[in-house]
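The block underneath contains the structure these notes are about, expressed in structure tokens.
Derivation of every value follows stated rules applied to the coordinates shown; laboratory data play no part. On a predicted model such as this, the values are computed, not experimentally measured, just so you know. Reconstructed Cβ throughout: ideal geometry from the backbone, glycine too, with neighbour counts over all protein chains shown.
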Amino acid sequence: MSKGTIKRIFLSALLLLSVLPSRAQNEAYNSYSPYTMFGIGDINKQGAAWNKSMGGVGIASRDKKVINYLNPAAVTAREEKSFLADFGLEEGNRIYRQGDYTSANNTFNIHNFVISFPVYKSLAVYSGFTPYCDLGYSVSNEVTDPNVIGNVGNVTSYSKGFGGMSDVFIGAGIQVVKGLSAGVEYQHLFGNLEKKHAMEFGNSSFRSIYSGYSMNLKADAVKFGLQYEFPVGKTLTAVAGATYKLSANLKGTVQDYEYNNISSVIDTSRNVITDLRKNKGLVKLASEAAVGVALRGGEKWTAEVNYIYSDWSNTGMDKVPGFANVGNAVFSASRSQSVRAGFSIVPNRNDIRYYRKRITYRGGAYWDQAYCQLDGNNIDAFGLTFGVTLPVIWNNGVSLGVDLGQRGLHTGSMIRERYVNFNIGINVFDIWFLKHKYD
């Protein structure tokens with residue numbers, strides 16, 4: 001069996017995996033964190049496994065052998081007639097602490113599938129899907145007062161949420177002039193978010209109360225990107241990059257419901273459905289601006305720094321029922337920021353004697369400030385990342401990464417969340433449309 005046949009079988013397997021439902025809308029958690037109960041939950045850090053192992057950078061990255069979908073302009077960095085694909089998985093492990101209480105949770109999910117190919121000379125396109133946001137939490141409480149239990153029986157209350165939104169995107173980039181590339185990306189976001197609350201009585205003479213929000217959401221967004229590459233020495237090259245994503249109105253419906261039951265008889269006391277299409281601009285996804293600078297030493301090493309900013313304070317996220325408060329904590333939409341830095345180095349990409357010299361080693365660090373505040377406190381996260389890309393058959397590779405970090409603080413009503421996330425990416429590289437010559 002030829003290498004070309006193996007690659008095509010491999011690509012077919014990836015395409016089959018890509019149609020599997022990666023954003024399950026049942027009570028399985030794609031992500032799990034008490035902080036996801038506010039707004040639309042956790043907004044995922046985008047990028048392939050190799051991006052994440054470099055702290056999440058990519059605004060100024062240009063690599064001919066992997067897909068960088070963080071900047072639409074980066075798609076022009078490629079070998080002529082090359083076809084690229086990237087398939088990613090992620091696994092998260094978290095430990096939470098608030099006061100004297102601790103808990104832990106683990107999640108696993110498909111993260112991305114992206115393909116890219118040239119269209120005409122300096123024009124190339126890419127398309128794929130990735131998670132946009134995740135919702136996952138479960139908090140319960142049992143009344144232990146014997147006087148209450150003696151009168152009404154056991155009383156249990158709980159709040160839980162699950163679901164998420166996915167991002168299906170298509171983009172294109174073109175080299176405008178030598179060194180300058182521009183790109184644009186269209187994103188279609190869609191998914192379901194469920195937030196539930198209940199108070200259940202063990203004594204059947206009392207009515208158990210159930211309430212919550214069921215949200216079926218979608219949005220359309222556009223992102224623009226620029227990259228400018230220029231020499232700064234005989235062996236050094238610098239890249240300046242920038243992206244800007246327009247704000248997007250959330251569409252769909254939000255159902256606000258409450259009902260109680262006794263002896264299997266359901267009595268609905270509230271069922272209000274808000275059609276966001278008829279309330280244009282009621283809730284929005286914020287615009288986002290990002291800039292980055294990278295320095296590259298030939299094909300051997302690269303270092304990059306990114307800054308990302310997004311203002312959510314006027315999105316309505318903290319005013320509309322369903323997105324606003326859950327529980328007693330005061331949620332307010334604010335400004336999100338992120339500073340990311342990363343590097344990669346490969347000792348000798350073409351070494352035929354020592355495999356370890358062809359491995360790409362990566363590392364990075366980041367600081368993220370979430371788009372919301374709790375009781376006036378910022379929710380900050382910081383971490384270190386490490387990873388490698390193992391070459392497999394020519395320019396194909398497997399990227400492995402780990403993210404060690406912490407979010408929130410162990411003070412007041414805040415919850416400290418420490419995590420270890422693992423990322424796996426399969427990078428496919430092939431040359432298509434070659435004309436074979438025979439003697």
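Going down the table (LYS195/LYS223; LYS178/LYS223; LYS121/LYS284), which pairs top 28 Å between alpha carbons? Where the Cα-Cα span goes over 28 Å, the pairs concerned are LYS195/LYS223; LYS121/LYS284. Other residues whose C-beta falls under 11 angstrom from the C-beta of TYR96 contribute a net charge of +4, scoring Lys and Arg +1 and Asp and Glu -1.
The ranking of PHE129, PHE38 from fewest to most other beta carbons within 10 Å of each one's beta carbon is PHE129, PHE38.
The chymotrypsin sites (Phe, Trp or Tyr not before Pro) of the stretch 344-439 meeting both criteria, a DSSP state outside H, G, I, E and B (loop) and at most 10 other C-beta atoms within 10 angstrom of the site's C-beta, are TYR354, TRP432, PHE433, TYR438. Sites listed here are trypsin sites (Lys or Arg not before Pro) in the stretch 200-252 whose DSSP assignment is loop and whose Cβ has at most 10 other Cβ atoms within 10 Å: LYS234. Counting neighbouring beta carbons within 10 Å and listing from fewest to most, the residues LEU400, LEU84 come out as LEU400, LEU84. For LYS278, the lysines whose Cα falls under 16 Å of its own Cα, not counting residues fewer than eight places away in the same chain, are LYS218, LYS251. Based on Cα contacts under 8 Å between residues 6+ apart, the stretch 23-431 shows a relative contact order of 18 percent.
Couplings for the stretch 374-389, taken from phi via the Karplus curve 6.51 cos²θ - 1.76 cosθ + 1.60 with θ = phi - 60°, read 10, 6, x, 9, 5, 9, 9, 10, 8, x, 10, 10, 9, x, 9, 10 Hz in order; Gly and Pro are left as x. For LYS52, list the lysines whose Cα falls under 17 Å from its own Cα; do not include residues on the same chain fewer than 8 positions away. Partners within reach: LYS65. Taking θ as phi - 60° and the Karplus parameters 6.51, -1.76 and 1.60, the scalar couplings of the stretch 133-143 work out to 8, 9, 10, x, 7, 7, 10, 9, 8, 10, 6 Hz in sequence order, x denoting glycine and proline. Structure remark: mean-square fluctuation, Gaussian network model of the chain, C-alpha springs under 10 Å; the largest value among LEU409, LEU236, LEU89 belongs to LEU236. Between VAL119 and GLN406, the distance separating the two model label sites (each 7 Å from Cα on the Cα→Cβ line) works out to 4.8 nm. Helix content alone sets the calculated 222 nm mean residue ellipticity of the chain: runs of n ≥ 4 DSSP H residues at -39500 (n - 2.57) each, divided across all residues, give -1500 deg cm²/dmol. Under 10 Å, Cα contacts only: if you run a Gaussian network model on the chain, which one of GLU90, GLU142, GLU288 comes out with the highest mean-square fluctuation? Of GLU90, GLU142, GLU288, the Gaussian network model singles out GLU142 as fluctuating most. Between 0 and 90 degrees, the angle of helix 3-18 with respect to the longest Cα principal axis of the chain falls at about 20 degrees.
Summing Lys and Arg as +1 and Asp and Glu as -1 over all other residues whose Cβ lies under 15 Å from the Cβ of LYS64 gives a net charge of 0.
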